[in-house]
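What follows is calculated from the coordinates using simple rules that are stated; it is not laboratory data. Fair warning: this is a prediction, and the values are worked out from it, not measured in the lab. With ideal geometry, Cβ positions are generated from the backbone for all residues, glycine too; neighbour counts draw on all protein chains shown.
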Amino acid sequence: DAGVIQSPRHEVTEMGQEVTLRCKPISGHDYLFWYRQTMMRGLELLIYFNNNVPIDDSGMPEDRFSAKMPNASFSTLKIQPSEPRDSAVYFCASSFRTSDYGYTFGSGTRLTVV
Amino acid sequence: KQEVTQIPAALSVPEGENLVLNCSFTDSAIYNLQWFRQDPGKGLTSLLLIQSSQREQTSGRLNASLDKSSGRSTLYIAASQPGDSATYLCAVIYVQGAQKLVFGQGTRLTINP
C-alpha cells in the first residue's frame, strides 16, 4: 500500500483566498483524522471521520474551516477565507481499529498564507 | 484534562550512548500508546505501538515500555547514531478519548558524531 497520500505537499496562498487540502487514506481504514501542527501548539486534532461520517469537529478553529469525506478513499479540508494565522503543517492520518493498530500519518501539507 | 507530557524537550548526546526518552500521561485508562519519529520538515513515522495490555515493545535498537499504573512510558535507544537525530513524539489514545490520539510536545534529540 502507498500509505496515506496528501496533496499538495506545499501551498502558498494570499490572505483571503480559498485553500483546499486533500487526503487519500489507506484502503480499508475506517477512521480518518485531520491534524494541524504549529510550533506554538504542537499537533492538534481538527476533525475525524468514521466510515465517512464526521464524528468530532470540536477542534476546527472557526467556521472558515470545513472538512468533507464524500467516500472511503478521499477527504478534503477547506479553509475559506484563509488568514496568515492558518499557516501550519496539516496532516491527515488513517487507521483501522485504532485501539488495536494505531494511526498512519501522511507526509503533510505545509500551508503558508501571506 | 487528558494530556501527554514529554521530558526533556531537547536532548543532545554523543554518538554511541544509550538514552531514554520519557513520556507521561494523565489517565491510566488507555487503549494504546504510540511512539513516532519526525524528521525536520517531514511527516510522522510510527516507531512502536504498545497495547494497554502490554508492558513493552521492541524494534531493533528501540525498546518502549509502558507502566499504566504510574502513567509513564519510556523509549530506550541503544547505541545511538547520528541518524537517530529527530523529534520523538509520544501519543496516547485514551479510553474516554473517542479514538483521538493525544500528543506530547516531543523531545528533540541530537546525536553528535
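In this simple spin-label model, placing a label point 7 Å from the Cα along the Cα-to-Cβ direction at both A:Asp100 and B:Val20 gives a separation of 3.3 nm. As an exercise, use a Förster radius of 30 Å and the Cβ-Cβ distance of A:Arg64 and B:Lys42 to find the FRET efficiency, rounded to the nearest 0.05. About 0.65, to the nearest 0.05. What FRET efficiency comes out for the pair A:Asp30/A:Val114, r = Cβ-Cβ distance, R0 = 45 Å, nearest 0.05? The calculated FRET efficiency here is 0.75. May I ask what percent, to the nearest 5, of DSSP beta bridges between residues of the protein assembly as shown are antiparallel? The antiparallel proportion sits near 90 percent. The helix-only estimate of mean residue ellipticity at 222 nm for the protein assembly as shown, built from DSSP H runs of length n ≥ 4 each weighted as -39500 (n - 2.57), is 0 deg cm²/dmol after division by the residue total. Taking a ≥ b ≥ c as the square roots of the Cα gyration tensor eigenvalues, with a/c under 1.5 meaning rounded and otherwise prolate when a/b beats b/c, else oblate, which class fits region B:32-113? The shape class here is oblate. Less than 5 angstrom separates the built amide H of A:Gln17 from those of A:Ser82, all sequence-distant by 5 or more or on a different chain. Pairs of alpha carbons in chain A separated by more than 19 Å make up 40% of all such pairs. Need one word for region B:18-66: rounded, prolate or oblate. Basis is the Cα gyration tensor (sqrt eigenvalues a ≥ b ≥ c); a/c below 1.5 gives rounded, then a/b vs b/c decides. It comes out prolate by the Cα gyration axes. Averaged over peptide A:33-42, the number of partner chain Cβ atoms lying within 10 Å of each residue's Cβ comes to 2. In terms of its C-alpha gyration tensor, the protein assembly as shown has a prolate overall shape, because the principal axis ratio a/c (a ≥ b ≥ c, square roots of the eigenvalues) is not below 1.5 and a/b outweighs b/c.
Zone of B:Ser12 (label point 7 Å along Cα→Cβ, backbone N under 17 Å): which residues in region B:64-85? Flagged as within label range: B:81-85.
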